[in-house]
Amino acid sequence: VSRPVADLLIEDATAIATCAGPAPRAGPRQREIGQLHDAVIAAADGRIVYVGPPVALQNAVDLQPAARRIDASGCVVVPGFVDPHTHIVFAGDRRGELQRRLAGATYAQIAAEGGGILSTVAATRTASEDELLAGARARLDEMLACGTTTCEAKSGYGLTTESELKQLRVVRALDRSHPIDIRATFLGAHEVPPEYRARRADYVALVADEMIPCVAADGLADYCDVFCEDGVFTPAEATRILDAGRGAGLTPRIHADELGASGGSFVAAAVNARSADHLVFANEQAAEALAQAGVCAVLLPAASFYLKLGRFAPARMLIEHGVPVALASDVNPGGGFSPSMPFVMTLACFEMGLTLEEALVAATINAAWSLDCADRTGSLEPGKQLDAVLVRGGFDELVRIGAPAIRMVIKRGQVVKSG
Ligand SMILES: [Zn+2]
């Protein structure tokens with residue numbers, strides 16, 4: 001058996017959190033980060049070929065004389081972050097809503113004044129693909145600088161067949177041209193557009209019978225998502241749309257129980273969704289249903305924070321019920337102001353009671369599993385892409401928001417941020 005030839009070596013790190021092992025991690029295993037001391041990582045062509053003690057490296061791989069050597073002294077190494085819930089493709093500017101919210105306006109009041117999702121829809125419908133591409137690329141650049149190396153991106157600001165397809169074409173173009181790998185989600189059921197307000201059943205039919213077949217025919221999405229919430233889409237409507245998506249090859253995800261106990265968790269379990277997202281109002285029955293169906297909880301504490309919801313998802317209860325928990329940024333124009341997974345992890349620790357280890361698993365291997373890419377990213381182990389973040393000091397530096405904790409970001413063996 002010939003030994004692999006390595007062209008890159010990360011050495012002298014204080015510690016490596018490999019997050020290696022089977023995914024997803026639920027219950028007590030949510031905190032298993034596979035920490036190694038006195039270990040190096042070797043890679044070839046962007047793929048990890050060795051993780052382990054430096055003394056055994058020579059027996060495992062041939063390190064090319066010209067191999068790049070990354071000195072990680074004073075740093076810990078963690079897997080590149082995976083952000084499984086974003087709305088990065090949009091046009092328009094809703095920063096004015098931030099001022100309104102800080103002055104005390106609620107989400108519903110802002111929407112009633114013409115703000116909210118529908119103002120983004122109006123701007124996104126008229127934007128060109130190039131404009132959408134430029135805006136989303138800048139958002140991805142910010143995410144990458146914060147250590148995100150894989151993400152999900154949704155449509156949902158077009159709400160017509162053509163403008164939803166336009167958003168998803170932008171996602172595909174970004175996946176091909178940006179270092180961040182992107183998984184695409186069709187979210188035509190993000191909101192009922194104004195022209196269908198008096199005939200919402202027709203809009204549900206449009207999503208299920210026209211949009212989904214078009215999205216699937218062009219191979220533009222991996223997932224189908226629905227905003228299941230009082231006043232948006234009902235559990236029955238969500239089920240119909242997610243079943244249609246499943247029939248066309250799109251795996252279900254769902255916005256569930258964000259603003260109230262909408263029943264979305266039970267829809268997630270019934271349609272065997274890959275993830276149920278938000279879950280701020282999920283109860284124990286919902287947690288049992290999600291655990292039983294093997295649905296991943298994707299929690300978005302930055303949404304609770306910026307929307308000033310006054311409460312966060314019951315993450316500890318979900319973990320105790322055996323639901324695997326992932327974390328996501330929810331980058332979006334109305335309330336997803338932070339591109340930073342370390343900020344999300346910080347909120348998860350300080351507002352939802354997660355340990356740092358649980359938050360790290362949630363932001364890496366579990367998030368990767370929720371995007372069906374845990375076979376190639378989300379942990380540092382041989383066979384996977386070398387997607388990694390070097391953090392100055394210890395893991396706890398990640399919660400020091402504003403401190404320059406991230407020294408380097410590596411995507412498929414390429415240094416994409418350093419400083
Ligand atoms: Zn969302």
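The values are calculated or read from the model by the stated rules, or taken from the named source; none is laboratory data. What you see is a predicted model; the values in this text were computed from it and never measured. Note that we place each Cβ from the backbone using ideal geometry, even for glycine, and neighbour counts take in every protein chain shown.
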Looking at (1) buried (at least 17 other Cβ atoms within 10 Å of the Cβ); (2) of a type in the set (S, T, N, Q); (3) not in a loop (DSSP other than H, G, I, E, B), which is the only condition N59 fails? (1)
Would a scan of segment 135-156 turn up a residue that is under 15 Å from D181 (Cα atoms), at pLDDT 95 or above, assigned to a strand (DSSP E or B) and hydrophobic (A, V, I, L, M, F, W, C)? yes
Residues located in segment 139-169, provided they are more than 25 Å from G378 (Cβ to Cβ) and either free of Cβ contacts under 8 Å to residues at least 60 places away in the same chain or more than 16 Å from the ligand (Cβ to nearest atom) (or both): G158, L159, T160, T161, E162, S163, E164, L165, K166, R169
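So for segment 314-324 (the condition being closer than 21 Å to A23 by Cα and among the β-branched types (V, I, T)), does at least one residue qualify?
Here is the first cut: in segment 314-324, the ones closer than 21 Å to A23 by Cα are 315-324.
Then keep just the ones that are among the β-branched types (V, I, T); that gives 319, 323.
Yes, the conditions are met somewhere in segment 314-324.
So which helices (runs of 4 or more DSSP H) stay within segment 250-346 end to end and still have 1 or more residues that are more than 16 Å from the ligand (Cβ to nearest atom) and touching a residue at least 40 places away in the same chain (Cβ under 8 Å)?
Details: elements: 264-270, 284-293, 301-306, 315-320.
Hits in segment 250-346: 284-293, 315-320.
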Residue by residue through segment 177-203, note down the ones that are within 26 Å of the chain's Cα centre (by Cα), within 18 Å of I117 (Cα to Cα) and of a type outside the set (S, T, Y). F186, L187, G188, A189, H190, E191, V192, P193
Whether any residue in segment 214-233 is surrounded by 24 or more Cβ atoms within 10 Å (Cβ to Cβ), farther than 28 Å from L309 by Cα, modelled with pLDDT of 95 or more and away from the ligand (no atom under 16 Å from the Cβ) is what I want to check. yes
Answer with yes or no whether E162 is surrounded by fewer than 24 Cβ atoms within 10 Å (Cβ to Cβ) and under 22 Å from G247 (Cα atoms). yes
For I182, which of the numbered conditions (1) more than 16 Å from the ligand (Cβ to nearest atom); (2) aliphatic (A, V, I, L, M); (3) closer than 18 Å to K411 by Cα fails to hold? (1)
Hey, any hits in segment 395-416 for a residue that's in contact (Cβ under 8 Å) with a residue 60 or more places away in the chain, of a type in the set (K, R) and in contact with an Asp or Glu (Cβ under 6 Å, 6 or more places away or on another chain)? yes
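In segment 75-110, what residues are of a type outside the set (A, V, I, L, M, F, W, C) and surrounded by 24 or more Cβ atoms within 10 Å (Cβ to Cβ)? Can you show your working first?
To start, the set of residues in segment 75-110 that are of a type outside the set (A, V, I, L, M, F, W, C) comprises 79-80, 83-87, 92-97, 99-101, 104, 106-107, 109.
Within segment 75-110, P79, G80, D83, P84, H85, T86, H87 qualify.
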